[in-house]
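Below: the structure, in structure tokens.
The values are calculated or read from the model by the stated rules, or taken from the named source; none is laboratory data. These numbers were taken from a predicted model, which means no experiment stands behind them. Note that each Cβ is placed from the backbone with ideal geometry, even for glycine, and that neighbours are counted across all protein chains shown. Quick note on the areas: whole protein, heavy atoms, side chains included, nothing else; ligands and nucleic acids left out. Shrake-Rupley method; radii C 1.70, N 1.55, O 1.52, S 1.80 Å.
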Amino acid sequence: MKHIINPYENINNSARNNSDCPPVVLPEEIFFTISIVGVLENLIVLLAVIKNKNLQSPMYFFICSLAISDMLGSLYKILENILIMFRNMGYLKPRGNFETTADDIIDSMFILSLLGSIFSLSVIAVDRYITIFHALKYHSIVTMRRTVVILTIIWTFCTGSGITMVVFSHHIPTVLTFTSLFPLMLVFILCLYVHMFLLARSHARKISTLPRANMKGAITLTILLGVFIFCWAPFVLHVLLMTFCPNNPYCACYMSLFQVNGMLIMCNAVIDPFIYAFRSPELRDAFKKMIFCNRYQ
């Protein structure tokens, strides 16, 4: 989806000439290295949950959903670099049918990464809400069967939406839909946080008796959400500016940071697994056992 993924290439030349901000160019090796690290880290998260029955709970399944989203974002950049490398070596015909199809598939992965992250964070927020305010009924409300059904619906919807956005990428309604999901997710979680705060005030004594792990999960979600906003918001703003004011020199100046914004997205996939490990002793122990081949006790 070049209209969304590579918007800087579409900036009008007059806007570049009117702007005093030259484009910031980062070495592709940096992107490739960060992407490889992101894939490996999130793959470790998935393997840790698969190999440890103690981690096979709804909460960690939702975390796995977020890890898959992060991994898709990293894989997108790796495959894009490989495609560019083959094209530069002459193995692919520029703008040929194969390259166009491959571009669409790769761009779908990028859209899927963002949509998957948005819905995964949202469902984690709901899970934390139920954990805190319906702790006694949590296991009857959030069952494994319901978890699998929810995740299946989420990823089916995200896949269909990703393909649709690629097909209609050059239409402004598509761009608006793409960018509106980001603030809508923030509004939803913010409303949930406000409701949690109001309930916490009226149930202060009850909240204080909850296991620390429940409140710790809410704090972990807050950290994950903060990192997600910090890493993705600049790119979403870039898409909006590219769509509505591509010829404005001030917009063009901001859009000169396109590669920096892209690197922030890659960094999100690297940071999240560290947050899981730092906040979850169970997951941290599983990582250590995997890394040291079960010799860690």
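Of note:
- Per-peptide packing, taken as the mean over residues of other Cβ atoms within 10 Å, places 21-32, 231-242, 166-177, 126-137 in the sequence 231-242, 126-137, 166-177, 21-32 from highest down.
- Base-10 log of normalised Debye intensity for the stretch 65-173 (one unit scatterer per alpha-carbon) at q = 0.10, 0.18, 0.22, 0.23 Å⁻¹: -0.42, -0.92, -1.14, -1.19
- Pair Gln56, Thr159: separation of 7 Å Cα→Cβ label points (nm): 2.2
- With both labels modelled 7 Å from their Cα along Cα-to-Cβ, the Asn97 to Glu282 distance reads 5.1 nm.
- A straight chain from Leu184 to Ile291 at 0.36 nm per residue would run longer than the Cα-Cα distance by 34.7 nm.
- Here the Karplus relation 6.51 cos²θ - 1.76 cosθ + 1.60, evaluated at θ = phi - 60°, turns the backbone of the stretch 132-149 into coupling constants of 7, 9, 9, 4, 5, 9, 4, 5, 8, 8, 9, 8, 5, 5, 5, 4, 5, 5 Hz, with x for every Gly and Pro.
- Calculated FRET value between Val194 and Ile275, using beta carbons and R₀ = 22 Å, to 0.05: 0.40
- For Asp20, solvent-accessible area (1.4 Å; no DNA, RNA or ligand), Å²: 140
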